[in-house]
1. Being assigned by TED's automatic domain parsing to the domain that holds A:ILE109 and farther than 23 Å from A:GLY111 by Cβ, is that true of even one residue in region A:47-67?
2. With within 30 Å of A:ALA183 (Cβ to Cβ), modelled with pLDDT of 90 or more and within 9 Å of chain A (Cβ to nearest Cβ) as the only criterion, which of B:ASP47, B:ASP67 stands out?
3. Test each condition in (1) under 24 Å from A:HIS71 (Cα atoms); (2) more than 21 Å from the chain's Cα centre (by Cα) for B:GLN90 and report the one that comes out false.
4. From the list A:ARG123, A:ARG75, A:ARG97, exactly one residue is farther than 25 Å from A:MET189 by Cα, more than 16 Å from the chain's Cα centre (by Cα) and either surrounded by 12 or more Cβ atoms within 10 Å (Cβ to Cβ) or within 14 Å of chain B (Cβ to nearest Cβ) (or both). Which is it?
5. How many of the residues in region A:123-167 are in contact with a Ser or Thr (Cβ under 7 Å, 6 or more places away or on another chain) and free of Cβ contacts under 8 Å to residues at least 24 places away in the same chain?
6. Name the single residue that is modelled with the lowest pLDDT among those in region B:105-139 being in a helix (DSSP H, G or I) and surrounded by 10 or more Cβ atoms within 10 Å (Cβ to Cβ).
7. Within region A:68-92, can you find the residues that are touching a residue at least 40 places away in the same chain (Cβ under 8 Å) and in a helix (DSSP H, G or I)?
8. Say whether the condition of being away from chain A (no Cβ under 14 Å), in contact (Cβ under 8 Å) with a residue 24 or more places away in the chain and part of a loop (DSSP other than H, G, I, E, B) is met by at least one residue in region B:84-104.
Amino acid sequence: MKDYLARIWRAIRKPSTHYSLGFLTLGGFIAGVIFWGGFNTALEVTNTEEFCISCHEMENNVYEELKSTIHYTNRSGVRATCPDCHVPHKWTDKIARKMQASKEVYGKIFGSINTREKFLEKRLELAQHEWARLKANDSLECRNCHDFAYMDFTVQGKRAARFHSTFVASGERTCIDCHKGIAHNLPDMAGVEGWN
Amino acid sequence: MMLRILACAILLFSATVLSQNVATLRKQAALDQEVTTEPIANEITNDLKVSRNYPMQPPIIPHNIRDYQIDLNVNTCLACHSRRKVTNTQATMVSVTHYMDRDGNFLAAVSPRRYFCTQCHVSQTDAAPLVGNSFVDVKELMAVSKNENE
């Protein structure tokens, strides 16, 4: 095994005898472009609603609940799909989230929420992960569309304007503090901070 | 037996006669006719309290309640209207009667029999009423009877 690795190392270190420098640099460049493009294309495929609901765990539980909410059906025809709220838009954050998602692949393979009952049992824990994530990034995914700087309090409802112009403006609260369960049903909230 | 058939016949007859005077969303169109329905009315969401028509009337909800979850897991109305939340939210507190069980004992939380808010409290729409309403406020009735007595 050690010999084998040493042979590979020697091969990599040795200057090329058959291929020109131009071929190797250009070829490397083109191969890099193809790899990079392919990688990002594959990444974007996993970033679609279609991909998310190709698993029945998502389609039959959370997607079904989303359908009746304002983020799915509304007057203006703007729709938030799964990745809009659950995957960061910035590349580095997105890759970090995708790496975390390997846990979800594990969950899928071992069927940790493959029945409705298992899902409901685990729902609070899963929801708390999402709330913690959104709390930590100051509700970044909400703010990708709902930019606080662009909010016109005068056309908001009285209650909404009062809370947004005080708690959110001062940074004391972030979107997810109040807007839990807006796109999916809530689990048993007994014991969740602010809900008992 | 004869009597029963007769009763049924009378019921059927009166039902057809009466149904012609009932205002419906179909505007008394025949069964085989299509009716153009009114557009769905808008919810009234102006956050203004509306006076009650009689003291025991459950107050109406002057805001949007779309997707408010009220089930075994959670009651999202209480996220603002429960006793301990109204300082922050300035919402109307749930009536004290809702913290009582049916024997009048006070509980720490909203009584299960009062848990489902929308059973009594509803939001309103701007739809025009289908039929007229001759309801008279009890105060006005009292004023009328007082005038008559004088």
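The values are calculated or read from the model by the stated rules, or taken from the named source; none is laboratory data. What you see is a predicted model; the values in this text were computed from it and never measured. For neighbour counting, all protein chains shown are included, and Cβ atoms are generated from backbone atoms with ideal geometry for every residue, glycine included.
1. Looking for residues that are assigned by TED's automatic domain parsing to the domain that holds A:ILE109 and farther than 23 Å from A:GLY111 by Cβ, one finds at least one in region A:47-67, hence yes.
2. Values: B:ASP47 fails: modelled with pLDDT of 90 or more.
Matching residue, one of B:ASP47, B:ASP67: B:ASP67.
3. (1)
4. Working: A:ARG123 fails: farther than 25 Å from A:MET189 by Cα; A:ARG97 fails: more than 16 Å from the chain's Cα centre (by Cα).
Within the list A:ARG123, A:ARG75, A:ARG97, the selection yields A:ARG75.
5. 2
6. Initial filter on region B:105-139 (in a helix (DSSP H, G or I)): B:112-114, B:117-119, B:138-139.
Now restrict to residues that are surrounded by 10 or more Cβ atoms within 10 Å (Cβ to Cβ): B:113-114, B:117-119, B:138.
Working: B:ARG113: 94, B:ARG114: 95, B:CYS117: 96, B:THR118: 96, B:GLN119: 95, B:VAL138: 91.
Taking the candidates together, the pick is B:VAL138.
7. A:ASP84, A:CYS85, A:HIS86
8. Initially, region B:84-104 is screened for residues away from chain A (no Cβ under 14 Å), giving B:93-104.
Checking the rest, the ones that are also in contact (Cβ under 8 Å) with a residue 24 or more places away in the chain come to none.
No, the conditions are met nowhere in region B:84-104.
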